[in-house]
């Protein structure tokens, strides 16, 4: 479905009868099933959303569509880098100020920073029940997922030539593309620190640095892999899928490691900072089948509610073996940044 079709379709949905806040008992009883915006309460009033930058305006399209569907609802948006907004929310709280009602972050580490500060409101159980069990948290809702992957050049390698352990990559003879300054890469390194310890992570970084070529972002990494500048790269899955959608004959495919930081499933997420039920009812729209399907088709992100198709070209989550890690543990980036600097990577 094209973006314009989605936006017009969502905005054109007929008004539904008002539902008590929170949702009616009948709706709550079946909430674990896919929920359409058609079945959600109308939004009335104003909210302020702090929105982490990301996804090339696709999140903005979703927000505009929600406003179009709810003419009595006004969303005030403050935009900025996800980590900076998280720090702003914590700083405002320390000053006794709350300007944001909602925080939508493109990285769960930033969510964890705000959650650890005790600023997030608990989620209603019927809302978290919409999410797949492994993505249920008490005070924030993952919106879409992304998998760490190893994009590789199919003219230079076969999948069988790529180690299935991220730690073994450092001892291989593969040429590598990476983007160490990129937030998703730093979350990946944080996960490695948690799983492997600082010493092993530092040694891994130093070994990889000797054979790695640095790029400004992970799209640049994937493009370099496709051009044959390097054998493999480190990147979130959707960069490869987006490139291949516009260039079906690209010499590019995805490989996955197993049960380590190399196949970490991270997530964008949203939390409520306000006790106003309007904030949590807004969050319900992001978990609707329409929004989840749109982000899967257009952004190639992974829907986290049941009953919505995954992006084409991506194996099912059930076939991937990610590590077991609480995503909010990725919040403390300072030790990761220090480790990367001390290792000569940043």
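Some points to look at:
- Residues of the range 285-303 satisfying the condition of being out of contact with any helix residue (DSSP H, G or I) (no Cβ under 6 Å at 6 or more places or on another chain) and assigned to a helix (DSSP H, G or I): 286, 289, 292, 293, 295, 296, 297
- Test: residue in the range 161-169 that is closer than 21 Å to residue 274 by Cα and surrounded by 14 or more Cβ atoms within 10 Å (Cβ to Cβ): no
- Identification of helices (runs of 4 or more DSSP H) wholly contained in the range 134-211 with 3 or more residues that are at pLDDT below 95 and not assigned by TED's automatic domain parsing to the domain that holds residue 58 yields 183-196.
Okay, residues lined up against (1) surrounded by fewer than 20 Cβ atoms within 10 Å (Cβ to Cβ); (2) over 27 Å from residue 83 (Cα atoms):
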site	(1), (2)
240	no, no
249	yes, yes
277	yes, no
293	yes, no
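- Some residue of the range 99-108 being on the phi < 0 side of the Ramachandran plot and surrounded by fewer than 18 Cβ atoms within 10 Å (Cβ to Cβ): yes
- Residue 61 being surrounded by 14 or more Cβ atoms within 10 Å (Cβ to Cβ), at pLDDT below 95 and not assigned by TED's automatic domain parsing to the domain that holds residue 330: yes
- Selection from the range 331-341 of residues that are outside any loop (DSSP other than H, G, I, E, B) and either closer than 29 Å to residue 290 by Cβ or more than 15 Å from the chain's Cα centre (by Cα) (or both): 334, 335, 336, 337, 338, 339, 340, 341
- Filter pass, residue 225 being in a helix (DSSP H, G or I), in contact with a strand residue (DSSP E or B) (Cβ under 8 Å, 6 or more places away or on another chain) and touching a residue at least 12 places away in the same chain (Cβ under 8 Å): yes
- Taking the criterion of being over 18 Å from residue 301 (Cα atoms) and part of a helix (DSSP H, G or I), the only residue of the range 99-110 that qualifies is 110.
- Here the range 304-324 is the region considered, the condition is being loosely packed, with under 15 Cβ neighbours inside 10 Å and not in a loop (DSSP other than H, G, I, E, B), and the residue that is modelled with the highest pLDDT is 319.
- Where residue 118 falls short, out of the listed (1) closer than 29 Å to residue 40 by Cβ; (2) assigned to a strand (DSSP E or B): (2)
- Considering the range 82-98, and only residues there that are part of a loop (DSSP other than H, G, I, E, B) and out of contact with any helix residue (DSSP H, G or I) (no Cβ under 8 Å at 6 or more places or on another chain), the residue that is surrounded by the fewest Cβ atoms within 10 Å (Cβ to Cβ) turns out to be 96.
- For the residues 107, 116, the requirement of being more than 11 Å from residue 270 (Cβ to Cβ) and under 13 Å from the mean Cα position of the chain (by Cα) singles out 107.
- Answer from 269, 262 - the residue that is in contact with a helix residue (DSSP H, G or I) (Cβ under 7 Å, 6 or more places away or on another chain), outside any helix (DSSP H, G or I) and crowded, with 24+ Cβ neighbours inside 10 Å: 269
- Lone qualifier among 308, 230, 225 - being assigned by TED's automatic domain parsing to the domain that holds residue 100 and touching a helix residue (DSSP H, G or I) at 6+ places or on another chain (Cβ under 9 Å): 308
The values are calculated or read from the model by the stated rules, or taken from the named source; none is laboratory data. All values reported here derive from a predicted model rather than from experimental measurement. A quick note on method: Cβ atoms are made from the backbone with ideal geometry, for glycine too, and the neighbour counts reach across all protein chains shown.
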